[in-house]
Amino acid sequence: MPKNKQRINAPHPFQPRDDEGPIFKEPWEAQAFSLVIALHEKGIFSWQEWADVLSEEIRLAQSHGDDDLGNTYYQHWLKALEKITITKNLSAKDELIERKRKWHSAYINTPHGKPIELSAADSKP
Amino acid sequence: MTHDHDHTEPPSDLELRVKALESLLIEKGLVNPETLNAIIDTYEHKVGPRNGAHVVAKAWTDPEFKIALLNDATEAVASLGYCGRQGEHLKVVENTNDVHNLVVCTLCSCYPWTVLGLPPTWYKSAPYRSRAVREPRCVLEEFGTRLDSTVKLKVWDSTSEMRYLVLPQQPAGTENWSEERLQPLVSRNSMIGVELAHLSDDSNEPQS
């Protein structure tokens with residue numbers, strides 16, 4: 001069996017090395033994941049609705065040249081989450097863009113090492 | 001020029017988008033930050049494939065549980081305390097000397113999270129999703145799994161309503177083992193069907 005160890009990990013070169021696999025590559029993936037589960041558990045959408053939006057997003061990405069090798073999965077997940085957030089009127093596109101801009105400014109306005117708070121967005125240091 | 005300490009370098013666009021969503025949804029009372037942390041913790045640390053290994057090892061050692069599991073997996077798995085979050089049904093498909101089962105989700109990556117935790121990257125990839133159906137034997141060989149040509153290979157395509165878990169064959173020579181001792185032999189990959197459950201090199205080592 002040890003001879004096969006290399007090949008076990010071989011279907012795709014970037015497949016995780018350890019057998020049980022890494023779960024989230026980065027924290028934002030876990031956050032995007034948990035948001036979907038939480039909204040679903042709150043009854044905001046059915047799992048079927050979510051699966052439809054997500055698979056449509058994956059199809060779109062493929063048609064735009066994404067190799068769809070599993071490593072971009074949570075990017076599709078996030079895009080689908082933004083879409084369902086808008087179609088369910090939980091938030092609007094403009095509101096999401098504005099909030100993203102605010103977070104960006106909050107980082108810029110916060111001294112290194114201090115916690116980032118949204119209120120820092122519009123204050124000049 | 002010295003390093004500029006009067007600002008913090010903003011994270012990636014993806015991270016900012018998630019922060020935007022998260023902060024807005026929390027403010028609107030649609031999600032609760034503690035729930036979010038609990039979900040991440042559960043799927044990242046508490047579930048893993050361990051729940052599935054528990055289910056399989058119990059089926060190997062408890063014939064009545066095995067019958068119940070094959071008959072209604074959703075119910076049998078719930079009896080061990082593992083309940084689906086998505087309201088999906090679970091079906092357990094049994095490997096035998098004549099049949100080997102392989103699970104895929106061709107459409108996206110539906111996966112039995114309750115028993116296997118989060119899916120590995122390769123499971124979510126387009127090559128696996130298409131090749132598992134088109135050339136399953138080649139996919140299995142890449143995982144180091146060679147099946148006798150007489151073994152029938154069944155590929156199960158998951159959906160948002162129906163997830164599948166493979167019940168691998170119990171490795172020969174472990175017939176009298178306890179459920180606890182068997183559990184580590186049940187790998188995540190064996191429950192997706194890309195590998196067999198087998199004795200690892202250190203299975204016979206005394207446990208420390």
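Exactly one condition in (1) within 30 Å of B:Ala38 (Cβ to Cβ); (2) of a type in the set (Gly, Ala, Ser); (3) surrounded by fewer than 15 Cβ atoms within 10 Å (Cβ to Cβ) is not met by B:Ser149; state its number. Among (1) within 30 Å of B:Ala38 (Cβ to Cβ); (2) of a type in the set (Gly, Ala, Ser); (3) surrounded by fewer than 15 Cβ atoms within 10 Å (Cβ to Cβ), the lone unmet condition for B:Ser149 is (1). Cβ separations smaller than 6 Å between residues 6+ apart or across chains give the following pairs from the range B:17-39 residues that are facing another protein chain (nearest Cβ under 7 Å) to residues that are outside any helix (DSSP H, G or I) and among the small types (Gly, Ala, Ser): B:Leu24/A:Ser91.
Any idea which of B:Ser160, B:Ser178, B:Ser208, B:Ser190 is modelled with pLDDT under 90 and closer than 26 Å to B:Thr114 by Cα?
Only one candidate qualifies: B:Ser160.
Pick out the one residue from B:Thr96, B:Thr61, B:Thr106 that is at pLDDT below 85 and of a type in the set (Val, Ile, Thr).
Within the list B:Thr96, B:Thr61, B:Thr106, the selection yields B:Thr106.
The set of residues in the range B:142-188 being in a loop (DSSP other than H, G, I, E, B), touching a strand residue (DSSP E or B) at 6+ places or on another chain (Cβ under 7 Å) and under 30 Å from A:Ala51 (Cα atoms) consists of B:Ser158, B:Glu161. Pull up the range A:24-49, narrow it to residues that are assigned to a helix (DSSP H, G or I) and of a type in the set (A, V, I, L, M), then point me to the one that is farthest from the other protein chains (Cβ to nearest Cβ). The qualifying residue farthest from the other protein chains (Cβ to nearest Cβ) is A:Val36.
Return yes or no: is A:Ser91 of a type in the set (Ser, Thr, Tyr), facing chain B (nearest Cβ under 7 Å), within 30 Å of B:Glu88 (Cβ to Cβ) and in a helix (DSSP H, G or I)? Taking the combined requirement at face value, the residue does not satisfy it. Scanning the range B:25-42 for residues that are part of a loop (DSSP other than H, G, I, E, B) and of a type in the set (S, T, N, Q) turns up just one, B:Asn32. Against the list (1) buried (at least 22 other Cβ atoms within 10 Å of the Cβ); (2) within 12 Å of another protein chain (Cβ to nearest Cβ); (3) of a type in the set (Phe, Trp, Tyr), the condition B:Tyr164 fails is (2).
Listed here are the residues, each with its yes/no results for (1) free of Cβ contacts under 8 Å to residues at least 12 places away in the same chain; (2) over 16 Å from B:Val31 (Cβ atoms).
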| position | (1), (2) |
| --- | --- |
| A:Trp47 | yes, yes |
| A:Ala61 | no, yes |
| A:Glu82 | no, no |
| A:Glu98 | yes, yes |
| A:Lys114 | yes, yes |
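Scanning the range A:94-108 for residues that are more than 7 Å from chain B (Cβ to nearest Cβ) and closer than 20 Å to B:Pro11 by Cβ yields a count of 6. Residue-level check: of (1) facing another protein chain (nearest Cβ under 7 Å); (2) crowded, with 19+ Cβ neighbours inside 10 Å, A:Ile116 misses just (2). One residue stands out among those in the range B:116-141 that are within 13 Å of B:Ser158 (Cβ to Cβ) and outside any loop (DSSP other than H, G, I, E, B): the one that is farthest from the other protein chains (Cβ to nearest Cβ), which is B:Val133.
Within the range A:50-82, restricting attention to residues that are among the small types (Gly, Ala, Ser) and in a helix (DSSP H, G or I), the residue that is farthest from the other protein chains (Cβ to nearest Cβ) is A:Ser63.
The values are calculated or read from the model by the stated rules, or taken from the named source; none is laboratory data. Bear in mind the structure is a predicted one, so any value in this text is a computation, not a measurement. Cβ: placed from backbone, ideal geometry, glycine included. Neighbour counts: every protein chain shown.
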